[in-house]
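We did not get these values from a lab; they are worked out from the coordinates using the rules stated. These figures come from a predicted structure and were not determined experimentally.
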Amino acid sequence: MVYDDRSQLEAMLATLQPSNGHVQVEKSFGPTTVYTLTPVAPRAAPPPAVHPIPPSAIHAEASHSPDRIPLLFDGDPDSRWISGRPQSGDESITLTFDRPRDVRTIRMRLATRSESDYPRELVVDGVGADGTRTLYRGAGLPLFVEGLFRDPAHPWLEVVLPDNRSTAIRLRQVAAARTFAWSIHELQLLEP
């Protein structure tokens, strides 16, 4: 990747330090550094037949920039919800449904201009009749890299969830980034 802004480069390099657990090996060859990423545990495959939950069935709230929530579902890959400040670990989006749903896949779209705004560590909680349980917790960098392979211009970060019967899903960004905000250009929730 090429960075015009030195602070963005430094922030990305800080993310790629072996001490963060994302990098297995770092090798420098003059001005070029190559990183071997730590293997990611295989993810569960999404159910064979899933379809989007319509935005009209979702009431969304955000801890930051609530006025930008409609941009999550506007169908425009160039508009976005953004936290408005560097990630500090207290950002969240709560998605409450019209009825209990089995959310199996969450897709968060980024764009080239915000490629570094992926969540540093993402927690997905399901809220249901039996209380709240964590359905997913993991680093955002592997999700981002997988998304880049699928679509370099507008990568999708895709999280596959176990069976659940949720009345709400809460996305929490629980780590810090010195420079980068958290942004999502489009959000899709898929169910069987």
Discussion item. Please report the spacing between the Cα centers of the stretch 61-125 and the stretch 171-192 in Å, no decimals.
Written reply: 4 Å
Practice prompt. Starting from one equal scatterer on each C-alpha and no solvent at all, send me the Debye-based log10 I(q)/I(0) for the stretch 40-170 at q = 0.22, 0.23 Å⁻¹, two decimals.
Written response: -1.76, -1.86
